[in-house]
Amino acid sequence: MAESFLSLTLALLAGILFVYMIMIALYDSYLYPFVVLFSIPVAMVGAMLGLALTMKSISIYSILGIIMLVGLVAKNAILLVDRTNQMISEKNMPVFDALLEAGQTRLRPILMTTFSMIIGMLPIALSTSAASEAKSGLAIVLIGGLTSSMMLSLVLVSCRLSVI
């Protein structure tokens with residue numbers, strides 16, 4: 001069990017590193033990817049809170065859910081940061097106005113993708129069959145992490161962008 005947890009922790013760190021490297025290539029900057037990665041701890045808090053509220057323990061499946069969260073949560077922040085940069089470069093908008101515009105135009109896609117993922121995970125999380133006991137941790141982690149990151153990362157990413 002300890003060996004499995006160590007391997008999954010290394011996979012989580014590798015996933016975060018790969019997301020960072022891909023975003024460096026996307027933004028041609030070392031600073032903007034940190035803004036996106038700032039939303040990952042918010043998702044971790046939601047994932048752990050979801051496990052605590054449902055009284056589930058951390059298992060291999062829940063750690064796999066946390067690894068999945070890295071990519072899913074980064075997607076929301078990438079949508080927001082990319083639209084903000086586009087508004088700044090194309091329309092020469094001030095940062096604050098570009099953030100407001102990006103928040104307005106990207107809110108619906110972020111809500112739609114997040115809610116579809118949450119609703120898709122509900123049957124796995126709410127299942128009471130014998131085989132689903134072990135796998136429900138994955139769904140609970142995803143639901144908790146996506147919910148907290150959706151609510152908080154829209155605000156936190158915007159605040160971090162306005163500072164940069």
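Under a point-charge model restricted to the Cβ atoms of Lys and Arg (+1) and Asp and Glu (-1), what is the dipole moment magnitude of the range 41-164 relative to its Cα centre, in debye to the nearest 20?
Numbers: 8 positive and 5 negative charges, 19 e Å.
Using Cβ point charges on Lys, Arg, Asp and Glu, the range 41-164 gives about 100 debye.
How would you order 80-90, 28-38, 114-124 from highest to lowest mean count of nearby Cβ atoms within 10 Å?
Packing order, densest peptide first, comes out as 80-90, 28-38, 114-124.
Could you tell me how far the Cα centroid of the range 26-75 sits from the Cα centroid of the range 1-19, in Å?
Cα centroid of the range 1-19 versus Cα centroid of the range 26-75: 13 Å apart.
Can you find, among 43, 54, 24, the residue sitting farthest towards the positive end of the charge dipole of the range 14-115, where Lys and Arg contribute +1 and Asp and Glu -1 at Cβ?
Highest projection toward the positive end goes to 54.
From the Cα gyration tensor of the range 60-129, with a ≥ b ≥ c the square roots of its eigenvalues, which class applies: rounded if a/c is under 1.5, or else prolate if a/b is larger than b/c, or else oblate?
The shape class here is prolate.
Cross-link candidates for residue 135: which lysines have Cα within less than 22 Å, leaving aside residues fewer than 8 places away along the same chain?
56
Could you state the per residue volume, in Å³, of the convex hull enclosing the Cα atoms of the chain?
Value for the chain: 103 Å³ per residue.
Rounded, prolate or oblate: pick one for the range 1-62, where a ≥ b ≥ c are the square roots of the eigenvalues of its C-alpha gyration tensor, a/c under 1.5 means rounded, and failing that, prolate if a/b is larger than b/c, else oblate.
Oblate, because a/c is 1.5 or more while a/b does not exceed b/c.
Which helices, counted as full DSSP H runs in the chain, have an axial Cα extent of no less than 27 Å and a Kyte-Doolittle average of 1.6 or above?
On the way: long enough: 2-27 (37 Å, 2.00); 60-91 (47 Å, 0.99); 95-126 (42 Å, 1.10); 132-163 (44 Å, 1.34).
Helices meeting the span and hydropathy rule in the chain are 2-27.
With the other protein chains left in place, how much accessible area per residue, in square angstrom, belongs to the chain at a 1.4 angstrom probe?
With the other protein chains kept in place, the chain gives 55 Å² per residue.
The values are calculated or read from the model by the stated rules, or taken from the named source; none is laboratory data. Computed from a prediction, not measured in an experiment: that's the story for all the values here. With ideal geometry, Cβ positions are generated from the backbone for all residues, glycine too; neighbour counts draw on all protein chains shown. Just the protein is used for accessible areas: all its heavy atoms, side chains included, with ligands, DNA and RNA removed. Shrake-Rupley method; radii C 1.70, N 1.55, O 1.52, S 1.80 Å.
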